[in-house]
1. Report the residue count in region 176-191 for those that are without any contact (Cβ under 8 Å) to a residue 60 or more places away in the chain and open to solvent by less than 40 Å² (accessible area, probe 1.4 Å).
2. How many of the residues making up region 221-250 are assigned to a helix (DSSP H, G or I) and farther than 20 Å from Q103 by Cα?
3. In this structure, does A124 turn out to be over 28 Å from D184 (Cβ atoms), in contact (Cβ under 8 Å) with a residue 12 or more places away in the chain, within 16 Å of the ligand (Cβ to nearest atom) and open to solvent by less than 50 Å² (accessible area, probe 1.4 Å)?
4. Which residue, of T297, T288, T230, T332, is hydroxyl-bearing (S, T, Y) and surrounded by fewer than 16 Cβ atoms within 10 Å (Cβ to Cβ)?
5. Looking at region 26-72, which of its residues are free of Cβ contacts under 8 Å to residues at least 40 places away in the same chain, closer than 30 Å to A341 by Cα and open to solvent by less than 40 Å² (accessible area, probe 1.4 Å)?
6. So, of the residues in region 97-107 that are open to solvent by less than 40 Å² (accessible area, probe 1.4 Å) and of a type in the set (A, V, I, L, M, F, W, C), which turns out to be farthest from the ligand (Cβ to nearest atom)?
7. Can you name every residue in region 144-173 that is in contact with a Lys or Arg (Cβ under 8 Å, 6 or more places away or on another chain) and either in contact (Cβ under 8 Å) with a residue 24 or more places away in the chain or farther than 24 Å from R216 by Cβ (or both)?
8. Mind checking which residues of region 300-316 are surrounded by 16 or more Cβ atoms within 10 Å (Cβ to Cβ) and β-branched (V, I, T)?
Amino acid sequence: MSGFVVNQIADPTLYGDPQRLHQFYDWLRREHPVAWADPEGFRPFWVVSRHADIRELERQPEIFNAGPRMTLLPIPVEQANVAIFGVESGVFPLTAMDGAHHQAMRALTQDFFLPKNIRKLESAIAQHAAAFVARMAQDEGQCDLATDIAFWYPLRVAMAILGIDEQDEARMLRLTHELFGASDPAVRRPGLTEAEHIVAVKQDYIAFFDAITRDRQANPREDVATLIATGMPGGAEMSAEERLGYYVIIATAGHDTTAASIVGGMQALLDNPEQMALLKAHPELLKTFVNEAIRWTAPVKHFMRNVTQDYTLHGQTLRAGDHVLLSFGAATRDPEAFGDADQFRIDRALNNHLAFGHGPHTCLGQYLAKLEIEAFFTAFFAQIATIEPAGPPIYTEGSFVSGIRAMPVRYSRL
Ligand code: HEM
C-alpha cells in the first residue's frame, strides 16, 4: 500500500515535503501513468506523468491546446479571474495561447532569447553574479542562500532585460511570490481569501505595467518592455490583456524558477559531497551540472492542456473538453528516460529532461536560465571556499512553481 491518492497532486503541502513528493511521483508514474483526478475545490482533470507520454502530447498542440485552462487553480480563483479579467488563468500570457496567434506573439521576443543574443549578455550577467556572491561576504559567514541572495540575482537579470529600474525590484519580487504562493497561508495577504488575494495581486501588476507601456510608447528603449509595448503581432495591435500577460510572463517566468534551480542545485551538492568535490576538481563539468540541477529541481511542476478531440493513451480515453495536467516534476525522474533517475549526477551527459517543457511552448528563456545558473556557480567557486547547512531547507507549498524558499547556510571565503 502506497497510501497515496491521485487527488494529492492538488495538495500544496505535498510540495513542501520533497521526499514524499517524489514517492508520490514514483507511484503515479508506475501505477497510474494516465490518472483521473477530481480533488475537492478543483475542476477534474487527467494527470500524465511519464516522460515519453508528455512529449507525445506536447508534440500535438492542435489536439492538446495550451489555453484556456493553463495551470491548476481552485474553482473560486478561476471564477474570480473570469469575472474580473475575462480568462480563467487571470492573465493571458504566451503559455495560454495557441496556433498562429501564439507563434506571432512568441516571435516578438523570440530573437532576443536566442543563444547568439543571450551570449551578448554573458559579461553583464557574470558581473551581477559576482556582485551577488560578494554580498555573502558582508553577511559574516552566514546567510539564507534563498532569501538573501538567490531570489534577488535572477530578478535583477530579468528586470535588466525588461528594462525595469532597480528601485522597483523589491515590489516585483513581492508580487511574484504573492502570485505563485497564493495557496500558501504564510505568503497570502492577511485577511484575504486565496481568490481575493490573487485579484489584489493582479491589480497591482496592472497598475505597475500600464505606466511602463505609456513610457515605452513615448520613449522606446533597447529592452524587452519596448518590444512588448510597441509590438504588433501579425501586424495587429495587442490587446491590453495580452500586453499585461506578456509583461507578467517575462517578469515572473525567469526568476523564481532560476532561483529555485540555483538553491536546489546547491542543496543537492551539499547532500552529495562527492558531487561537490567532483565539480570543484572538474570545473569543465559546470554545464552538465547546471542541466542536472534543473532536472533535479524541476521548479515548474506542471502546465495544463485542453483536449480538443478524443485521444487514447494507455487504454484511457481523454475526451474533447477534458483537461490534462502535464507533470514535469514526475517526468524529470522517470527511470524509463534517465539511468539512475533518483541520483544527482553532475556528469549526466544525456539529459533531455522536461523541466523546460517541450514543443511549441518550450521555455523561451532556457538559454538565459542556464547562463545565469552557470554564472552564479562560477562566481561562487571563485569567492567561497566552503559551505555547509546552518539549518534545514524549507520548501514552498505550491503545486505550480515551487522549490526551496529558505536555506540557511554557513560558509567561508577563499
Ligand atoms: C515557458 C520552465 C526560466 C521565460 C516555460 C515552460 C516551462 C518553463 C516548463 C512551459 C513549457 C511547456 O509548456 O512546454 C522554466 C524553468 C526555468 C525557466 C525550469 C529556470 C530554471 C525562464 C527564464 C525566462 C523564461 C529565465 C526568461 C524570461 C519563459 C517564457 C515561457 C516559458 C516566456 C512561455 C513560452 C511559450 O509559451 O511560448 N518555462 N523556465 N523562463 N518560459 Fe521558462
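The values are calculated or read from the model by the stated rules, or taken from the named source; none is laboratory data. Since we're looking at a predicted model, the values are computed, not measured. In this analysis, Cβ positions are derived from the backbone assuming ideal geometry, glycine residues included, and neighbour counts consider all displayed protein chains. Just so you know, the surface numbers come from the protein's heavy atoms only, side chains and all, with ligands and any DNA or RNA stripped out. Shrake-Rupley method; radii C 1.70, N 1.55, O 1.52, S 1.80 Å.
1. 1
2. Here the count works out to 0.
3. yes
4. Only one candidate qualifies: T230.
5. Matches in region 26-72: W27, A35, P39.
6. Here the answer is A104.
7. Once the filter is applied, which keeps residues that are in contact with a Lys or Arg (Cβ under 8 Å, 6 or more places away or on another chain) and either in contact (Cβ under 8 Å) with a residue 24 or more places away in the chain or farther than 24 Å from R216 by Cβ (or both), region 144-173 yields A146, T147, D148, I149, G163.
8. Answer for region 300-316, where residues must be surrounded by 16 or more Cβ atoms within 10 Å (Cβ to Cβ) and β-branched (V, I, T): V300, V307, T308.
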